[in-house]
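A quick write-up on the structure given underneath.
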Amino acid sequence: MDYTATQSGFRQQPNMRLRTSLVDGSEGSQLFEDTSGAASGPQKGFSNQQARPQAEGFPGQSILSDPMSNLAMAYGSSLASQGREMVDKNLDRFIPISKLKYYFAVDTVYVGKKLGLLVFPYMHDNWEVSYQQDTPVAPRFDVNAPDLYIPAMGFITYILVAGLALGTQNKFSPELLGVQASSALVWLIMEVLAVLLSLYLVTVNTDLTTIDLLAFSGYKYVGMIVGVVTGLLFGRPAYYLSLLWCCVAIFVFMIRTLRLKLLSEAAAEGRLVRGARNQLRMYLTMSIAAAQPIFMFWLTYHLIR
């Protein structure tokens, strides 16, 4: 440290301190920040973060490699498969789901012939279902085979036509249309259950299934649609005439179809029916056929004004 003499005495000269501060300031606070080192730092950190999971492995790897976890997963899958088989077996006792594909195996030719048979069954001679190796052929190969396509489409079309008829009367509403659909479905289910109960009480040995009865009971929607559409186009008298024709047609169709399923072989061939059991079967067949016109009138008469 230098001391120089002045007139006012001795004064300290901070030359070294000023030089030191300039040097420290140039190193501590620069005019432009150097970002080259800062950019390389995060890149190195990011590369380290990427390399760390590859070296350590994902967390589920230790779980999958655990023998107890593999055993638990295998046991759970076996329980799920057993539960699915149990549900399918119990459900198949009431509704054979595996056979539904058979009832929807139809084509355009079959649908046209079946609709003609439902409206005009008087000229049809052979009503027996064809078999191939003790198995009934698909409906598209035999017009006498029952199907679910026409009943399902008939039910949906009936609901749409009912909505149209209610609209012409200024009574249409979603709630009323829902009541119409639910009532038709409830009557159909009650009809099938009543037939099943009757078959059980009469002890009829037949190959009719629940789906067969559902199909035969659903064929009446074709005549109902014809009657309602005719009534909307030409008035109430045309409704009665067309509905009467379709009622007679469905009655004849059900008699000629169900007699091969419910009556004995002698009755199916047209010979005289004898015996109390055969009499009960004949009455049951006629009752099922006679119920179709009643439901057809009950579900359509209020749609025509």
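Here are a few things to note about the model shown:
- Taking every Cα-Cα distance in the range 152-301 and sorting them into 10 Å bins from zero, the calculated P(r) comes out as 11, 37, 30, 16, 6, 1 percent.
- Among 208-218, 164-174, 124-134, sorting by the average number of other beta carbon atoms lying within 10 angstrom of each residue, highest first, gives 208-218, 164-174, 124-134.
- Taking all protein chains as shown and a probe of 1.4 angstrom, residue 113 keeps an accessible surface of around 130 Å².
- The range 152-301, accessible surface, carbon-and-sulfur percent (1.4 angstrom probe): 71
- Considering only 245, 168, 158, the residue lying farthest towards the positive end of the dipole of the range 152-301 is 245, judged by Cα position with unit charges set on Cβ.
- In order along the range 231-240, phi translates into HN-Hα couplings of x, 5, 7, 10, x, 5, x, 5, 4, 5 Hz, rounded to whole numbers, per the Karplus curve 6.51 cos²θ - 1.76 cosθ + 1.60 with θ = phi - 60° and x for Gly and Pro.
- For the range 81-229: accessible area per residue (Å², 1.4 Å): 58
- Residue 175 - accessible surface, heavy atoms, 1.4 Å probe, Å² rounded to 10: 130
- Rounded to the nearest 20 debye, the dipole magnitude of the range 152-301 is 360 debye, with +1 charges on Lys and Arg beta carbons, -1 on Asp and Glu beta carbons, and the Cα centre as origin.
- Kirkwood Rh in Å, taken over all unlike Cα pairs in the range 202-262: 12.9
- Protection proxy ranking of 177-188, 283-294, by the mean of other Cβ atoms within 10 Å over each peptide's residues and highest first, is 283-294, 177-188.
The values are calculated or read from the model by the stated rules, or taken from the named source; none is laboratory data. Being a predicted model, the structure only gives us computed values, none of them experimental. Note: ideal-geometry Cβ built from the backbone for every residue, glycine included; neighbour counts use all protein chains shown. Calculation scope for accessible area: heavy atoms of the full protein, side chains included, ligands and nucleic acids excluded. Shrake-Rupley method; radii C 1.70, N 1.55, O 1.52, S 1.80 Å.
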